Structure formats: C-alpha cells, structure tokens
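Down below is the structure, laid out as structure tokens.
The values are calculated or read from the model by the stated rules, or taken from the named source; none is laboratory data. Quick caveat: nothing in here was measured; it's all calculated off a predicted structure. In this analysis, Cβ positions are derived from the backbone assuming ideal geometry, glycine residues included, and neighbour counts consider all displayed protein chains. The protein model used for the area step is the full one, side chains on, heavy atoms only, and it has no ligands, DNA or RNA in it. Shrake-Rupley method; radii C 1.70, N 1.55, O 1.52, S 1.80 Å.
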Amino acid sequence: MTKRTWALLAAMMVSLIYGVSFTIAKDVMPTYVKPFGFILIRVFGATILFWLFSFFGPKETIQRKDFPRIVAAALFGVAINMLTFFKGLSFTSPISAAVIMVTTPIIVLILSAILMKEKIKAQKIIGILLGLLGTGFLILYGKSVGNATNATLGNFLVFINAVSYALYLIIVKKLMDKYNAFTFVKWIYTFGLLMVLPFGWNEYQQIQWQNIPLPILWEIGFVVLFTTFLTYLFNLVSMRELKPTTVAVFIYLQPLFATVFAMSLGKDHLTWVKISASVLIFTGVYLVTKKKSSPTK
C-alpha cells in the first residue's frame, strides 16, 4: 500500500476509536472518576508510553526555536482540548458531543483564513454559517436526557474543544514536516501533563480505586492506550501525508460510529433536535469541503 493509503487508514482508525470512546468515557465519568481526574490519568499514562517508545525511534534533537510551537501544541492539543472535552462529555450525551465535533473542519477553515490569510469563497461562507447554526441549535435546544445532566453547558464545552483541536491541527503541521513524530510528541505530552496537573490532581485524589468494577478499569485502560496513545500516533501518521483539512474531514465519521455504538448499548437515543442539528452541520461541512469541479476540455 502507498503512504497515502496508510495515512487514510490511520485517519479512519482515529474516527472509529474516538466514536467508540464517547460512550466508554461516559461510563467512567463522573460516577467513578471525575473528568479532570480522568484527564490526568489519561495524559500521565500516555506520556509514559510516548517516552518509552521514543527510545526506539530516530535520534533527533529539537531546535530551541521550535519549543514555543510545541508548548502551543500542548496547550491546544492536550490541555484545553482534553479538559473541555471530558468535562463537556460528563454533562452531555455521546451523540450530541460527536455531532458537535464535526464542526472541526469548518473551524479549521476559519482559522486558516484568519491565521494564514486564505480567501474564503461564498459557498464556503454559507457552509460555515450553516454549520455554526446547527451547532448553536444543538447547544441551545439539546435537552438534558438520561445521564446528560447539563446538555447546554456540555455541548458548549465540547465546541470549545473542537476549536482547540482545530488550532492544534494547524500548529502541529509544521512540526510534522520537520521532525519524526516520536521526537516531539513526547514533549507535547510532557508539557501537556504539567498543564493539566493543577486541574486534575484534586479530583485524582478523590478516586476510590477499590470501589471501581473491573469492566470500568478496562475502559480506563482503553482510553489511555487507544483513545490517547494510539489515536495520536495514527493522527501523526495521517498528517504527514495529508493536509489538516483532509484529516479533519474524517471527523465526520465519528457521529456515525458514536451513534451506532451508543444506541446498540442503550446509552443514548436520537431526537429531532439532534437530527436537525446534524443535517445543518453536515450540509455546512459538505459546502466547506466540496471542491469546485474543473471544466472538462
């Protein structure tokens, strides 16, 4: 298989793992582990794994001038991204969270226009407005059902997470072009660990490990190994060959995987608000990512 094929498969695996993780993480939070405490476990475990595997990778030295970019990637790709996502997911439902994450490609386009001075065509502007309208509709009118205790706040936090992740995709691209993934990702997580430690330490100390059932422990392990460690590796593999906007497109699959998994376990259900918001968001995403067909000779 070509490098591009491997990159596309890696991006597909990221969406599958994330789609499943919406429900798995919801099982753990907030009953057994509070969101920020869970993030500390997640980042600490992944940091150890990245450092261990880095010893088997190529020996490269990061230039001092690139560390500010690494710190920025840690802030948006680890700290803000994970803290707002898990906190938001603890308040809202898996399907709602997955639908809001679909706005990431739209946000990438907006940020690219602002930061990289790229021009946005009228079709894409309409797409952006439809996507943001759908997100706002879900945030304002997505009712708290089942174990979604505060859907409005939860949906808003997940949207902040999507903005943060979009910034990370743009920031990390230049590092990917310059270094091997294992050279810098261990530093991204090391700085990220220092950033989440003040938020997660208190909630981590509240965990009563002796009262956590074995299936929940397995789910915690899944989030550390698969949702954090492997997805970041797959993301880095895909981003080496693909553009940030292309990688972001695969986020569209997350609501599909999340919905199938959550509904199969009876952990969530569809509502007209979720369906309507999904139609608006997916239409917006389609307009944003649709390429203008070149005229045939």
Under the condition of being touching a residue at least 24 places away in the same chain (Cβ under 8 Å) and open to solvent by 10 Å² or more (accessible area, probe 1.4 Å), which residue from region 27-37 is farthest from Val158 (Cα to Cα)?
Tyr32
Single residue of region 1-19 satisfying the filter (open to solvent by 30 Å² or more (accessible area, probe 1.4 Å) and among the aliphatic types (A, V, I, L, M)) that is farthest from Ile220 (Cα to Cα):
Met1
Note on region 109-124: residues among the β-branched types (Val, Ile, Thr) and modelled with pLDDT under 75 are Ile120
Of Pro68, Pro94, Pro105, which residue is modelled with pLDDT under 90 and within 19 Å of Lys174 (Cα to Cα)?
Pro105
Any residue at all in region 43-65 that is of a type in the set (D, E, K, R), at pLDDT 85 or above, part of a helix (DSSP H, G or I) and surrounded by fewer than 15 Cβ atoms within 10 Å (Cβ to Cβ)?
yes
Among the listed residues Leu256, Leu265, identify the single one that is over 28 Å from Leu109 (Cα atoms), modelled with pLDDT under 90 and out of contact with any Leu (no Cβ under 9 Å at 6 or more places or on another chain).
Leu265
Test result for Phe76, open to solvent by 10 Å² or more (accessible area, probe 1.4 Å), in contact with a Leu (Cβ under 7 Å, 6 or more places away or on another chain) and in contact (Cβ under 8 Å) with a residue 60 or more places away in the chain
yes
Filtered residues of region 146-190 (kept if modelled with pLDDT of 80 or more and basic (Lys, Arg))
Lys174, Lys178, Lys186
